[in-house]
1. Ignoring everything except DSSP H segments at least 4 long, calculate the 222 nm mean residue ellipticity for the chain; use -39,500 (n - 2.57) per segment, divide by total residues, nearest 500.
2. With everything on Cα atoms, drop me the angle between helix 20-73 and the longest principal axis of the chain, reported from 0 to 90° to the nearest 10.
3. For the range 61-152, which GluC sites (Glu not before Pro) pass both filters: DSSP loop (anything but H, G, I, E, B) and at most 13 other C-beta atoms within 10 Å?
4. Of Pro139, Leu46, Tyr111, which is farthest on the positive side of the dipole of the range 26-174, counting Cα position, with +1 on Lys and Arg Cβ, -1 on Asp and Glu Cβ, and the Cα centre as origin?
5. Which residues does a label at Val79 reach in the range 117-139, if reach means a backbone N under 12 Å from a point 7 Å past the Cα toward the Cβ?
6. Report, by chain and number, residues whose modeled amide H sits under 5 Å from the one on Val169, excluding near sequence neighbours (fewer than 5 apart, same chain).
7. Tell me the angle of helix 4-14 to the major Cα principal axis of the chain, expressed in degrees between 0 and 90 and rounded to the nearest ten.
8. Rg and Dmax of the chain over Cα atoms: what are they, in angstrom?
Amino acid sequence: MRSFVQIQKQQMKNQHGFTMVELLVVIGIFALMMAAAVGALFTTILGSDVVSSSLAVKQQGDFAISQMGAMLRNSTRVVDPCEEETITIVNRDATSTVLAKQEFELGGTSYNALASGSSMLTNETVSVDSLRFTCANAPLEGISSVKIEFTLSSTTGRRDTNQAFETTVGLRRY
């Protein structure tokens with residue numbers, strides 16, 4: 001008679017590979033791990049797109065507001081009437097500059113840009129949604145300060161990225 005150990009050895013020699021159930025369990029676990037990894041990858045890519053769109057909007061808005069502020073501060077006067085979406089300033093060399101929202105076209109796509117005369121203060125990566133100038137008058141002096149408000153949105157990102165900008169600029173008297 002054969003011993004129990006000999007029978008076990010004989011049975012182990014006859015077993016080769018994995019059972020179907022074992023293979024299905026391993027494939028299922030692998031599929032779940034891959035689904036989680038792909039989900040994390042897509043979330044990271046979308047988050048990166050939103051961050052880069054927000055950064056572009058912020059940079060463009062900061063540049064535009066600083067340029068408009070410098071132009072207003074260095075102007076000799078603001079021409080009345082101070083309209084809501086357009087403002088005309090007189091420079092030290094007696095030329096005038098109009099700050100406004102203008103529509104431009106690039107590659108068949110139109111967008112709104114902040115512009116001073118014929119030069120753009122924002123580029124095609126953002127579009128101006130709203131622009132407003134509010135002038136404050138000082139007694140006997142005319143316009144003493146100008147409040148600038150505008151909203152920019154990204155034209156390149158997958159998600160809408162809007163940001164509002166606002167500042168008040170005191171005018172110098174030359």
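1. Mean residue ellipticity at 222 nm (helix-derived): -13500 deg cm²/dmol.
2. 10 degrees
3. Glu83, Glu84, Glu85, Glu141
4. So the residue we want is Pro139.
5. Label zone hits: 117.
6. Counting only residues 5 or more places away or on other chains, the set is Val146, Lys147, Ile148.
7. It is inclined by approximately 50 degrees.
8. When restricted to Cα atoms, the chain yields Rg and Dmax of 32.9, 123 Å.
No value in this document is a laboratory result; all are computed from the given coordinates. In this text, all values refer to a predicted model and were calculated from it rather than measured experimentally. Positions of Cβ are generated from backbone atoms using ideal geometry, with glycine treated the same way; all protein chains shown enter the neighbour counts.
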